[in-house]
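Here's the structure we're looking at; comments come further down.
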Amino acid sequence: MSLEAGCPRCPIPVARSTPAGGWCCPEHGPVPPLWRPAEAGYECFVEHLGRSANLPTYLPWPLGPGWQVTDVASVGEPGRAVATVTGCSGSTALDGPVDVLVVAEDPGTGLGARVAGTRHVDAGGEVGLGPPAVVVRLGSQTVRMWPVSVHDGAGEWDRSVVVGEAHGRWLWLVLRPASAILLLAGDWIMRDVSELGPQLVELSFGGPRPPW
């Protein structure tokens, strides 16, 4: 799979600052590279899991009937990933077409903020204020998540964003349309799919990538 390195914080391609050095974005300076295929598929998903083996790759689990994996990306060099993102898309009776994006990242990476369309690199002080909006499960662990404002962002009314902390990393959930946040009112379970092994072949891939 041929991948072009990009910036985790914006859509601009990046270049190596020196032949053996790091990567540099014209807008954000030195950054770890974002690797995102043009289209999600089984082969590129397996390659992604190999590149980002040191980080979890989360998906809602199990995917509902008719739902497909529509996006996958990682930030960092092979074996030294600092962020992963997956997208899945399907439909519900209440909302029609729905996109769900899940980001796990080290603090300061900025990928979650880009995917969510927020103004700050990290989730900021809104996380932890008051009671959580939702609680999700990562295997046997429960993760409390708080809403993050996307005020003044592009398309600010078209999505809901919640953020929490899991295993020392930010966990972002971005749902479109905004009303799809009601999906999280039930027993929402996510899984690190890098642990699936042969079950990966059961995943369905296809459809357009969610925008970010």
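The values are calculated or read from the model by the stated rules, or taken from the named source; none is laboratory data. Since we're looking at a predicted model, the values are computed, not measured. When we count neighbours, we look across all protein chains shown, and the Cβ atoms used for this are built from the backbone with ideal geometry, even at glycine. Quick note on the areas: whole protein, heavy atoms, side chains included, nothing else; ligands and nucleic acids left out. Shrake-Rupley method; radii C 1.70, N 1.55, O 1.52, S 1.80 Å.
A few comments on the model shown:
- Restricting the range 76-121 to residues that are crowded, with 21+ Cβ neighbours inside 10 Å, more than 19 Å from M190 (Cβ to Cβ) and among the hydrophobic types (A, V, I, L, M, F, W, C), the residue that is farthest from the chain's Cα centre (by Cα): V82
- A count restricted to the range 1-58 and to residues that are open to solvent by less than 90 Å² (accessible area, probe 1.4 Å) and in a strand (DSSP E or B) stands at 12.
- Candidate set from the range 59-75 (those that are without any contact (Cβ under 8 Å) to a residue 40 or more places away in the chain and of a type in the set (G, A, S)); member that is surrounded by the most Cβ atoms within 10 Å (Cβ to Cβ): A73
- Residue pairs meeting the criteria (Cβ under 8 Å; at least 6 apart or on separate chains; first on the phi > 0 side of the Ramachandran plot, in the range 117-138; second of a type in the set (D, E, K, R) and open to solvent by 60 Å² or more (accessible area, probe 1.4 Å)): none
- Selection of first residues in the range 5-17 that are without any contact (Cβ under 8 Å) to a residue 24 or more places away in the chain and of second residues that are surrounded by fewer than 12 Cβ atoms within 10 Å (Cβ to Cβ) and assigned to a strand (DSSP E or B), restricted to Cβ pairs under 8 Å at least 6 apart or on distinct chains, gives the following pairs, ordered by first then second residue: S17/P30.
- Some residue of the range 150-158 being at pLDDT 85 or above and β-branched (V, I, T): no
- Of all residues in the range 180-199, those being exposed (fewer than 14 other Cβ atoms within 10 Å of the Cβ) and part of a helix (DSSP H, G or I) number 5.
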